[in-house]
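Here is the structure we will look at.
Rule-based calculations on the coordinates, nothing more; no lab input. Worth saying up front: this structure is predicted, and the values here are computed from it rather than measured. Here Cβ is always computed from backbone atoms with ideal geometry, including for glycine, and neighbour counts include all displayed protein chains.
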Number of protein chains: 2
Amino acid sequence: MTMAPKASYGISRRALLLGAAAIPALSGTLLPAFAPAQTPAEPLPSWNDGAAKQAILDFVRTTTDRASPGYVAPEERIAVFDQDGTLWVEHPIYTQVAYCLDRVPAVVAEKPELKSVEPFKTVLSGNREAMAKLSLPDLEKILAATLTGMSVEDFEADVKKWLATARHPRWKRPYTELVYQPMLEVLRAFRDNGYKTYIVTGGGQDFVRVYSEQVYGIPPEQVVGSVGGTKFGYAKDGKPFLTKEPKLLLNDDHAGKPEGIHLIIGRRPFAAFGNSVGDRQMLEWTAAGAGTRLNMLVLHDDAAREYAYGPATGLPASKIGTFTQALYDEAKKNSWPVISMKNDWKRIFPFD
Amino acid sequence: MTMAPKASYGISRRALLLGAAAIPALSGTLLPAFAPAQTPAEPLPSWNDGAAKQAILDFVRTTTDRASPGYVAPEERIAVFDQDGTLWVEHPIYTQVAYCLDRVPAVVAEKPELKSVEPFKTVLSGNREAMAKLSLPDLEKILAATLTGMSVEDFEADVKKWLATARHPRWKRPYTELVYQPMLEVLRAFRDNGYKTYIVTGGGQDFVRVYSEQVYGIPPEQVVGSVGGTKFGYAKDGKPFLTKEPKLLLNDDHAGKPEGIHLIIGRRPFAAFGNSVGDRQMLEWTAAGAGTRLNMLVLHDDAAREYAYGPATGLPASKIGTFTQALYDEAKKNSWPVISMKNDWKRIFPFD
């Protein structure tokens, strides 16, 4: 399912094209979907020419050119990507929160005593306005009730089932289609040049792992997220299983992002992409490494094709939500390139 | 540093040899150490013919042959290996414990008040007999004092320094040389057939990651171990850093092994190698998956070339330490092949 041709690992696009005639001999059983003719003529076709596109191309070239002082050894090539708002749509609510809210009736069916208890009562009412006002502790109760207590296999099956039928309220499409085509091309360009691409998300690690390979070409073992413990046990027939526990091991947001990177990857990334203040420490941690590093922010400034929020609104910092003015200012100060969805992206979604 | 040629990922040894002429065109910048002429004629040269060797060869062939009902897709190919006693020597004490004991003087130099406090007093005395009698809570105090409180970079540098000078008491060689040559060949055979090889150790994840790539060809992101939290902070100059905290996130032993596999990998392995009762749940979790699975145990029955302990001693179960008779019986019952160091291995160490 990995979308990058494995045989190109660590090899520049030019070398790949030059060596293309040799690939079928190696790729017989491995790369059914890959054919040299399908290789795009240039790596970022959905990007307009500009500083953001150039920063990506320059970084990849510099870090993979053995003659460059910024050369990075293949095994060190790690690039990390926030998910919500960086790889796919995060409005009006995080996809995983939509899943949790939709799962409440099933949880209440198993535990009827929750029916008249808040916050479950409000969710069951279907009153979107009241649900939007739920407090953080209430949301945490919903997350704990809907994301734990089942086996890891049952959870995976349930998420798959939900993803197949749930639709985004604005586009009436599966959430998994609301990924940013230009960012899929960035993931591909990094992988084509030997980078391991990781998602580093505040969302649930187990949730994102269900679809990461299919949607992003990122295998589950390259997803770092907020994660709870599991508990090993045996069924009556002696078969072992893992149950998802309500014990939080890592809140993979803000300072938790570099901590999660250390926990799961154990190497400092050379490139990091984010969009909100929750990505700040991940970007700082990446930037603080020696050698050439790339940090970029996605700016949501396209109300017509997606959304405009954060600094793009021109509102005072106090009114800005997840993408604070302070992070935007830090990006400017550090010359971290900012990606304007409106100006840098020719199209937003694969279906555009 | 990865020892497996990346271009062979997912490709059988036979296909690799048949396609060898094509490799240089692809591997120009990637595989400096690789040359087809160096490929060994057969994959497990340090193994005697027998049931154990055959079980490994059969498993690899079955799971990589597209025509076989046991075929495993490349992205699902995960093999896990316990470290201590499975990949390298674990007697007379775990290497990491040796590191921690050697580090005590440096810790006491920074905190002189520990000098007259147990268990540090005993360790400083250098009395090996008294040290061998330290209780588990005492050892935990030593581990906490020597493995936490520093930045992740300082820890890595200190472990590297220690590994360069420390010597095993019996062989008078660096601990990193006391790896089992036959198991290095197993790791290589799995990787040559598209398997991702992981270490799943009760030892410290950060400790093993320091040398895993150099010693086993396993990159740090493929090491699962016991792991504590880290804490993100800023130095006075504003530079971010991660401090190793005394908060245990995962005790990666016994039931913790399948839990750690889920945490770090998120896929069930197809093959698992262990040697002690701490590996039991990992083997059971692996065996319980659908399709073809391989579980194997290393039996330490070679006092002349390494050690004899566990069931090989013929002692009653109550006297047997880490490798209990119960696990050995479970292996027999489930037809998990047992590797006899004495009979199955032509040589033990790379320097033999």
Radius of gyration and Dmax for the stretch A:160-235's Cα atoms, expressed in Å?
14.6, 46
For residue B:53, list the lysines whose Cα falls under 26 Å from its own Cα; do not include residues on the same chain fewer than 8 positions away.
B:6, B:196, B:257, B:332, B:333, B:342, B:346
Degrees, to the nearest 10: B:51-64 long Cα axis against longest axis of chain B
70
If you add up the charges near residue B:350, with Lys and Arg at +1 and Asp and Glu at -1, over every other residue whose beta carbon is less than 13 angstrom from its beta carbon, what do you get?
+1
Suppose each label sits 7 Å from its Cα in the direction of the beta carbon; what would the residue A:335-residue B:61 distance come out to in nanometres?
5.9
In terms of modelled amide H atoms, which long-range or inter-chain residues lie less than 5 Å from the amide H of residue B:230?
B:245
Calculated FRET value between residue A:158 and residue A:303, using beta carbons and R₀ = 22 Å, to 0.05:
0.05
Through the Karplus equation 6.51 cos²θ - 1.76 cosθ + 1.60, θ set to phi - 60°, convert the phi angles of the stretch B:287-302 into ³J(HN,Hα) values in whole Hz; use x for Gly and Pro.
4, 6, x, 6, x, 7, 10, 10, 10, 9, 10, 8, 9, 8, 10, 10
Any chance you could get the radius of gyration and Dmax over the Cα atoms of the stretch A:175-283, in Å?
15.6, 49
From the mean inverse distance of alpha carbon pairs (Kirkwood) and the Cα radius of gyration, derive Rg over Rh for the stretch A:244-302.
1.04
Distant-in-sequence amide H partners of residue A:47 (H built 1.01 Å from N, under 5 Å)
A:346
Cα-based reach from residue A:121 at 29 Å (exclusive), listing lysines while leaving out same-chain residues under 8 positions away:
A:111, A:133, A:141, A:160, A:161, A:172, A:244, A:247
Send over the semi-axes of the stretch B:69-198's equivalent ellipsoid, whole angstrom and largest first, taken as the square roots of 5 times the C-alpha gyration tensor eigenvalues.
36, 17, 14
Helix-only mean residue ellipticity at 222 nm for chain B, each DSSP H run of n ≥ 4 adding -39500 (n - 2.57), per residue, nearest 500
-10500 deg cm²/dmol
As straight-line cross-link partners of residue B:115, the qualifying aspartates and glutamates (C-alpha separation under 18 Å, not fewer than 8 residues apart within one chain) are B:102, B:138, B:140
What residues have an amide H closer than 5 Å to that of residue A:81, excluding those fewer than 5 places away on the same chain, when H is modeled at 1.01 Å from N in the peptide plane?
A:198, A:199, A:200, A:273
No solvent, one uniform scatterer per C-alpha: report log10 I(q)/I(0) for the protein assembly as shown via the Debye equation at q = 0.06, 0.10 1/Å, two decimals.
-0.37, -1.06
In whole Hz, with x marking every Gly and Pro, tabulate ³J(HN,Hα) for the stretch A:126-134 from phi via Karplus 6.51 cos²θ - 1.76 cosθ + 1.60, θ = phi - 60°.
x, 6, 4, 5, 5, 5, 5, 8, 4
With a 10 Å Cβ neighbour count serving as the proxy for reagent exposure, in which order, fewest first, do B:206, B:279, A:329, A:158 appear?
A:329, A:158, B:206, B:279
Relative contact order [Cα under 8 Å, 6+ residues apart], the stretch B:95-165, whole percent:
36
Efficiency of FRET from Cβ geometry, residue B:150 and residue B:73, R₀ 51 Å, rounded to 0.05:
0.75
Compute the acute angle (0 to 90°) between the alpha-carbon long axis of helix A:181-192 and the principal axis of greatest extent of the alpha-carbon atoms of chain A; round to the nearest 10°.
60
Which whole-Hz ³J(HN,Hα) couplings does the stretch B:257-273 yield from phi under the Karplus relation 6.51 cos²θ - 1.76 cosθ + 1.60, θ = phi - 60°, glycine and proline marked x?
5, x, 5, x, 4, 5, 5, 8, 9, x, 9, 7, x, 9, 9, 9, 10
Would you please give the FRET efficiency between residue A:346 and residue A:91, computed as 1/(1 + (r/R0)^6) with r the Cβ-Cβ distance and R0 = 22 Å, to the nearest 0.05?
0.55
What's the average, rounded to a whole number, of partner chain beta-carbon atoms within 10 Å of each residue's beta-carbon in B:258-269?
6
Any idea what angle helix A:136-147 forms with the longest principal axis of chain A, computed on alpha-carbon atoms, 0 to 90 degrees, nearest 10?
90
With 5 Å bins from zero, work out the P(r) of the stretch B:95-165 over every alpha carbon pair and list the percent per bin.
3, 16, 30, 26, 16, 8, 1
Kirkwood hydrodynamic radius, computed over distinct alpha-carbon pairs, for the stretch A:220-352: how many Å, to one decimal?
17.2
Quick one: give the max-minus-min coordinate of the C-alpha atoms of chain B along each principal axis, largest first, in Å.
66, 58, 37
Give me the net charge of residue B:275's neighbourhood, meaning all other residues with Cβ under 10 Å from the Cβ of residue B:275; Lys, Arg count +1, Asp, Glu -1.
-4
Please check: in the Gaussian network model of chain A (C-alpha springs, under 10 Å), which one of A:199, A:93, A:261 has the largest mean-square fluctuation.
A:93
